[in-house]
Structure formats: C-alpha cells, structure tokens
Amino acid sequence: MTKVAARTWTEIKPARKAVIPEGLWLRCPGCSQMVYRKQMESNLHCCPECQHHFRVGAAERIRQLADEGSFEPLFTNLSPTDPLKFKDVKTYQDRLVAEQAKSREADACKAGTCFIKGRPALVCVLDLSFMMGSMGSVVGEIVTRSIEAATERDLPLVIVSGSGGARMQEAGLSLMQMAKSSAALARFDEAGGLFISVLTDPTTGGVTASFAMLGDVILAEPKALIGFAGPRVIQQTIRQELPEGFQRSEYLLEAGMIDRVVARPQLRSEIARLIDYTGKA
Amino acid sequence: MAAFYQLEFEKPILEIEREIETLEARLAGREPADAAPDAQPLSPDQALRRVETLRAQREQTLRDVYTRLTAWETVRVARHPKRPQTRDYIELMCKDFCELHGDRRFGDDPAMVCGFGRIGPHRCLLVGHQKGRTTQEKLACHFGCAHPEGYRKALLKMQLAEKYRVPIVTFVDTPGAYPGVGAEQRGQAEAIAVNLREMSRLHTPIVSIVIGEGGSGGALGIAVADRVAMLTHAWYSVISPEGCAAILWKQANEQTNTAAAKALKLTARDNLELGIIDDVIEEPIGGAHRDPAGAARNLESWIISALADLKQQDPASLVERRYQRFRRLGQYIETAPPVETLG
C-alpha cells in the first residue's frame, strides 16, 4: 500500500497540490518518488511508478477518451454571469475573470460528440481546474443540454465528474442545477438511453448528489475521493477518526455504491465494451 | 413570556413585554419576581391604559423589527427553538394523520416524517423533515438532518401516493442532509440524487413549503415540486451561512456569517426574485414561533388552493410543467451559436 493510505485525512489534504507544479520533475503524492513529468504525462497523467492518477483538466480528459480528431465541441457559446452580485472577500466577477484568464476556458465544463474506439458518444467533462469544477448555471446548463442532446440523438452519454459540488457564488441557482440535470436524466432514462457516469478524484457535494450518482453504470478511477459531505465536515460532525480509505472508490465499491473501479488506461475500452453490451453502439 | 432564547434584535420587544407582565401582575395584586425596572407604580386605571398603550407599542415594534430583518437575523428566526416544525403543522392542520414508517431497506429515520392526512378537502401524503423538540427527540432526529434511509422512505411513500393519485405536500426544514460515516456508506448522495430524478416524474401533484431551514441538497431532496413556497422567515440556499463563511471567509463568526447570509440571497424574497420559489406565505406578525396556529392557517389555505389548482391538470402535463419549471432555472450569457457541426 502507499503511504497515503496510512495518513490521516487532514494530512491528506495536500493532495490538492495535484495541480501539477511547474518543472521537469515532480513528486508523486502516491509513492513520494520523483517522477519525470513527460513520462507521467505520456502515461495518461499517471505515475509510472505507482499508477497514482494525477488530476487532469477537461481538454486533456477528452484527448484521452476520444478517438483522435473525432471530438466536435458543443455548447461553447455559454458563459457565466454573476446573477447574485456575489461578494465574499473577492467578488465573484473578479474570481471569474481570474479563472478565465488562468484557464482560457469560459467555465468548468466541456461537452461534445466524439467516437470512443469507433463508437459514437456524447461526452461531457467537468473541469477541476476551473473553480474546483463547481456547478453553477453554466455547468448545469451544459450538463442538461448534453443529456437532452444525447436523448434526441440516441447517443450513449458519458459524463466525467470531478467537482467540489455546487458553486456557492450562484447559491440557490446552483442548487437548482441539481434538480434540472436530474430531471433531464429521468427523460433520458425513459427514452432508454445509456448513461455512463465516470467519477474522478474528487467528486463531492451537489454533483455527487445529482447526476453523478445517477449513471446507469457508475465507474470510478482508483482511490478517487467520492462522497456527499467532505471528510473534514464529517470529522467535525462526528469527532472521530474516519475509517481507513473512507470515501475512496474502493470503499464505495465495497459499500455497493458504484459498479466498477477502472484504472485510467482501461477507461476507453471499458466504456466501449459497456456501449456494446447495452446495444447502444 | 420569559424567553430563555433571546434574539438580540427582539430586545426592545422583550422589554415591552416584561413591562406588560409586571403591570398585569400588579393589577392582579401580585408583585412579580422580575419586575421591570422602569414600571412606575400606577393607579389601576392608569395601569390599564398603560398596558393598552404598551400592547399597541409591542405590535408596532414587532412589525418594525420583523419587516426589517437582515438575512442573518432571518436565519436566526428560522432556527428559533419555538418555531413550529413538521409535526406541529401536521397536528394543527390534519385531523386524522396516518403515519407511515420505514424505507423497507435499512430502517426508519425519525428525521423524515411521512404519512397520509387530510388538509381541508384534500387527501394527501405529507412528507417533512423533523428537527425534534425535546433533547431526546432532537438527538434521534439528528437536529433535522436526515439519513439516506430518510430520503428513501420519503420516495417510497411518494411513489405510493402516486399509485393512488394522491397529491403530495412536503415541508422542508433541515440544515442539510446528515454528514456522517453511516450516511456516506449507505449512499447519502445517491439517495438524494434518486429523489431528484424520481420526484421530477411523479404523476401526481406535489407542493413543497420551506417552513424553516432549507439547507442544500438535503432540502431539495424533498422539494422537486410543481409549486414551491417559503414562509416569510424561512431560508433556502445551497449552503448554510456558517458553511459558506467557513469556506470563503476561512472562518465562521458573527461578522462573516452575517456577510455570508447576505451574499447567499437566501431569504424568501430573494428566492422569489430569482424564480426559485413561486410564493411567499406570510407568517403572523413577529414570526411563526409567536403564533403557530396562525402560521398553520396561512400554510393550510395556501396548500388548499395550490392543490385545488394542480388537481385540475392532467398528470402528463403536470409532469411536463414541472420539468419546465426547473429546466429554465439558471442564469448565463448565451452568445450567438458558433457554427456547430452536429456529429
């Protein structure tokens, strides 16, 4: 086992540093080895030593999933606004501008059609690098439109989630995105659609409590943190040590909450095979 | 009315009330134990007149204070220990409540109350969060934080109601779904998610009222409805002010909680403006905790008319409208579509 598993949960937080530091070499949070960045990147952003799955952005995720050159983006004309004129220590407006400048993306979600090992599919990916992949109106709208488009075109739907949950800066409107996307999935379900939900590290809060846990098949990357409440909140509530591996993919698998834990190199073929088995190719 | 739970903004009201009590006690020929310091010794006639004036003053002050509550003060009122809860409203409104227990999978969550009841002319299924009144009940209910079995029980009973075309009334009153080891193990997120999906397609009318706290997914888990309303001093948002303050301000104290509550636009009026709710149900002057029966009457008449209206719609169009109601929520900028080649 890796050292990570033996640590307590508060100590594990530095895994957040997975926003990969600059430089040729970096330390793997999984095995603490120095790994050569290029080698890690060419290994689907997994550690060549221990297969620790580094976090990847939406663009990179799509590159990994889709057949080369097959991705056709959809709903790229949506961008966030600040309906509540939200201000904490910074204004939401300023945060958005800063995040957009940093990521060169409008918001935390990318969607489009593509082929996965030759099977047509609609993919939608949340982007952790933009405000922790949080779901506001734009993310909710793109997810919902993706579901609707998959319904109309009878395409298998793959949503890759990685998110801190609903976006606080859009407050009640973010909350409503949970109902909106889940309701769209009810219709997709009635139309006989196939929804493969892929959970990555971390998927928590309002995203887990809506579309992410509603997959016909739910896959999760190894050791991903998946839950409703964050470990810190739970620890503060119950004031006890949390069990080892709590809220990680393997734990959820054992609890019966997900179908399969799938390592990144197998993700494409697993999805393709599920599409075949359900006759949705 | 000795209030052991004091809201600091209620101080002027409590002072007036104390003086009234003092005067009334003296009129009855007793010397009250905690006499108001500025209550002058008066002749019975004067005292009666004074009480009269004070009553009017109390009314006016209550009205003033309660129409000008800040967002954070609203949250405090929504959490008032004397505020009526789901079981209180059921008792005040329903003559013959028939409680239904258990999720048939794991257990029976006391934080979620379900059962058949009659509201006015309507037979309906009532579902609501229960916070608990006594310490023992509060602990059993986890202060209104339901577990997955609570959400699953709610759905099971709602599907039962759908089978017989019985309309559903839900009362939302939770700081949030319970964050704990067992809750996570048994799939808190999945339980809520399934409720959102299934409620959106139940072929029977659903109305939801946020009667106190409407905290996040735990609230929404029983609030996907045809009509959603809030009591005047309830709150409804994606996170509690303390939770928001702890994350965005890095600390939760009186000052950051106040700022967070304001920023979250969690009051009934804000939610109405955002289109998240359809109606605000007036509470009696000074809040539901001062007059539970009055609050129940207002609630009851809103439910009766909302259900009368919804029962006229055929189930398919009801479900379609419910879908559209949630579908249009969200605000974003949409520029002219780029030339998208459809795959």
Each label sits 7 Å from Cα toward the beta-carbon; between residue A:154 and residue A:27 the label points are separated, in nm, by 5.5
Using modelled amide H (1.01 Å from N, peptide plane; none on Pro or chain starts), what sits under 5 Å from the amide H of residue A:52, excluding residues fewer than 5 places away?
A:47
Within the accessible area of segment A:30-156 (1.4 Å probe), percent carbon and sulfur
49
Antiparallel DSSP beta bridges within chain B, percent to nearest 5
35
Might you report the magnitude of the Cβ-based charge dipole of segment A:187-281 about its Cα centre, with Lys and Arg at +1 and Asp and Glu at -1, to the nearest 20 debye?
220
Enumerate the calculated ³J(HN,Hα) couplings along segment B:197-207 in order (Karplus 6.51 cos²θ - 1.76 cosθ + 1.60, θ = phi - 60°), each rounded to whole Hz, writing x wherever the residue is Gly or Pro.
5, 6, 4, 5, 10, 6, 8, 7, x, 10, 10
Can you compute the modelled spin-label distance between residue A:89 and residue B:136, with each label point 7 Å from Cα toward Cβ, in nm?
4.7
At a probe size of 1.4 Å, how large is the accessible area of residue B:106, to the nearest 10 Å²?
130
If each part is reduced to its alpha-carbon centroid, segment A:210-259 and segment B:54-112 end up apart, in Å, by 33
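Quick check for you: with a 1.4 Å probe and neighbouring chains kept, what is the accessible area per residue of chain B, in Å²? Numbers along the way, then the final one.
On the way: 14930 Å² over 343 residues.
Averaged over the residues of chain B, the accessible area is 44 Å².
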Along segment A:156-162, what does the Karplus equation 6.51 cos²θ - 1.76 cosθ + 1.60 (θ = phi - 60°) give for ³J(HN,Hα), rounded to whole Hz, x for Gly and Pro?
x, 10, 10, 10, 9, 9, x
Based on the Cβ-Cβ distance of residue B:64 and residue A:255, what FRET efficiency does E = 1/(1 + (r/R0)^6) give at R0 = 41 Å, to the nearest 0.05?
0.15
Rounded if a/c is under 1.5, else prolate if a/b beats b/c, else oblate: with a ≥ b ≥ c from the C-alpha gyration tensor eigenvalues square-rooted, which is segment A:56-277?
oblate
The cysteines in the protein assembly as shown that find no other cysteine Cβ closer than 4.7 Å to their own Cβ are A:46, A:109, A:114, A:124, B:94, B:98, B:114, B:124, B:141, B:145, B:244
Solvent-accessible area per residue for chain A at a 1.4 Å probe radius, Å²?
40
Using amide H atoms built 1.01 Å from N in the peptide plane, name the residues 5+ places from residue B:112, or on other chains, whose amide H lies under 5 Å from its own.
B:130
Where N is the number of residues in segment B:70-128, Cα Rg divided by 2.2 N^0.38 Å
1.39
P(r) histogram, all alpha-carbon pairs of the protein assembly as shown included - 10 Å bins from 0, percent
3, 16, 25, 24, 16, 8, 4, 2, 1, 0
Interface B:A - total buried accessible surface [probe 1.4 Å, Å², rounded to 100]
5100
Rounded to a whole number, what is D in µm²/s for segment A:202-255 from Stokes-Einstein with the Kirkwood radius over alpha-carbon pairs (37 °C, 0.692 mPa s)?
279
Among the listed pairs A:85/B:265; B:82/B:138; A:180/B:265; A:117/A:280, give every one whose C-alpha distance is greater than 18 Å.
A:180/B:265
Which positions within segment A:221-252 get 50 Å² or more of their accessible surface covered by the other protein chains, compared to the chain by itself, with a 1.4 angstrom probe?
A:228
Name the long-range amide H neighbours of residue A:167: under 5 Å, sequence gap of 5 or more, or other chain; modelled H, no Pro or chain starts.
A:135, A:136
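The values are calculated or read from the model by the stated rules, or taken from the named source; none is laboratory data. Predicted model only: the values in this text are computed from it and were never measured. Don't worry about glycine lacking a Cβ; one is built from the backbone with ideal geometry, like all the others, and counts go over all protein chains shown. Accessible surface is based on the protein model in full, side chains and every heavy atom, while ligands, DNA and RNA are left aside. Shrake-Rupley method; radii C 1.70, N 1.55, O 1.52, S 1.80 Å.
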